[in-house]
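As structure tokens, the structure follows; a few thoughts come after it.
The values are calculated or read from the model by the stated rules, or taken from the named source; none is laboratory data. Note that the coordinates shown come from a computational prediction; the quantities given were computed from them, not determined experimentally. Don't worry about glycine lacking a Cβ; one is built from the backbone with ideal geometry, like all the others, and counts go over all protein chains shown. For the accessible areas, the whole protein counts, side chains as well, though only heavy atoms, and no ligand, DNA or RNA atoms are used. Shrake-Rupley method; radii C 1.70, N 1.55, O 1.52, S 1.80 Å.
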Amino acid sequence: MRKHVAIQFIVLMRMMNVTFIRQCAAVILTAFLLTLCPGWVWATSQDQSLLPVLHNGKKWRMAYCGMRKSVNHPWNFQSIVYGLQELGWIRLDYSFPWPKADQTDTGPMWKWLAAHPENSPYIEFLADGYYYTDGSNAKECQKKADQIIERANKRKDIDMIITMGTKAAQSLANDRHRTPIMIFSTTDPIAAGVIKSVDDSGRDHVWAHLYPTRQRRHIEVFHDIFRFKKLGMVYEDTILGRSFAGLEQVREVAKERNFEIIARNMAENRDNQAIFEKELLRLYTELAGQIDAFYMTIYAARKYERLPYLLKPFYERNIPIFTQMGIEVKYGALMSVSDGTDLKGFGRFAAESVAKVFHGDKPRRIPCIYEHPPRIMLNMDVGRKIGYRPPFDILLVADDIYSAKGEAR
């Protein structure tokens, strides 16, 4: 009975996605109006606040800032690019380097856009405006932030900054400059202190994509399937680390559903991989004897290919492992709810937000919530290791099922 309740919850969750409902309603309404008056539908679909325009006769100049490797960053950036093409701001051709599944670098896409100005009649992707560091050196991150802020204030040759990741957002969402900044790929920008609230970023020049129920959705799905009583977590006890972990949302669900969180804190160490892994394995081993489920939060220093080694304590005790990062299901976690599938919908949302700023809207006033339709991911090899046999209904709704060879089916 519990299994059926779990799957009903997942299906209902997916059906009740607000954005999905709105999109369906829009399609139905458009189709109906098209049959009555096709000319009117065509005219009203051309929102004047989205049409491509130049900036005082010149291209809009765009810069980029990222301070951490993540498979989410290329996906988010390709969505923005896709959306801008849909709105007519840029043109892509067969040579554009769409990212691979495991790619963590947005550089190839940016370089292509900068090197093909003829494909961007309204936007200049500044060749020297790509500011990136992998986040392993705090001083280097601060240096990048200082460089882009100084340039924005003194040279004044940047009209918009696109940022990827929480660290870049924290470094640039401040009052040290007034250049519009569009923030993407942050786990919880409110908890991270990047923006003020769901309804107000707190600064006229700051906008951040919000998905306020992401971590709540993860934990609710995980708990509906496994009904655990003690959930393990390891995270860095800093503003950034707690934000990555979605700690407040996890605590809310734990209180509502009456399960205990057993947590351990660990600082991320990118200078010495061996020491980092040794400490992480120690904490995983310690937790494995005290919990009945594990929620794996974000650590950039954790290598995908090392997951089978690091997660062995959980395998040995038949503990299910749910991860925030969908890509980690391929390498060793049991399950995840990933967001990386809505290229068209999210791309349109992101591009429209960018276009509105170019048309004079204050970033602060532009709606920022977009909830991705969930994508269920499952690793059958890990399931066998921990003695979990997913029921047929779970297999039916899973979008990506990985085999022992790490291949999706």
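The lone criterion from (1) in a helix (DSSP H, G or I); (2) of a type in the set (S, T, N, Q); (3) more than 25 Å from residue 335 (Cα to Cα) left unmet by residue 197 is number (1). Only a single item in (1) among the small types (Gly, Ala, Ser); (2) over 22 Å from residue 68 (Cβ atoms); (3) within 25 Å of the chain's Cα centre (by Cα) is not met by residue 165, and it is number (2). Flag not set for residue 115, criterion: open to solvent by 10 Å² or more (accessible area, probe 1.4 Å), under 18 Å from the mean Cα position of the chain (by Cα) and of a type in the set (A, V, I, L, M). It is to be established whether one or more residues within region 267-280 are assigned to a helix (DSSP H, G or I), open to solvent by less than 10 Å² (accessible area, probe 1.4 Å), in contact with a helix residue (DSSP H, G or I) (Cβ under 9 Å, 6 or more places away or on another chain) and free of Cβ contacts under 8 Å to residues at least 40 places away in the same chain. No, region 267-280 has no match at all.
For region 133-165, name all the residues that are open to solvent by less than 60 Å² (accessible area, probe 1.4 Å) and either in contact with an Asp or Glu (Cβ under 8 Å, 6 or more places away or on another chain) or small (Gly, Ala, Ser) (or both). Selection gives 133, 135, 136, 145, 151, 152, 165. Can you find a residue that is acidic (Asp, Glu) and closer than 29 Å to residue 208 by Cα anywhere in region 287-299? No: zero hits.
Exactly one condition in (1) open to solvent by less than 50 Å² (accessible area, probe 1.4 Å); (2) under 23 Å from residue 304 (Cα atoms) is false for residue 110; which is it? Of everything listed in (1) open to solvent by less than 50 Å² (accessible area, probe 1.4 Å); (2) under 23 Å from residue 304 (Cα atoms), residue 110 misses just condition (2).
For residue 237, the stated conditions do not hold, so it cannot be described as more than 18 Å from the chain's Cα centre (by Cα), in contact (Cβ under 8 Å) with a residue 60 or more places away in the chain and surrounded by fewer than 19 Cβ atoms within 10 Å (Cβ to Cβ).
Here is a yes/no grid of residues against (1) hydroxyl-bearing (Ser, Thr, Tyr); (2) assigned to a helix (DSSP H, G or I); (3) open to solvent by less than 30 Å² (accessible area, probe 1.4 Å):
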position	(1), (2), (3)
168	no, yes, yes
174	no, no, yes
179	yes, no, yes
219	no, yes, yes
232	no, no, yes
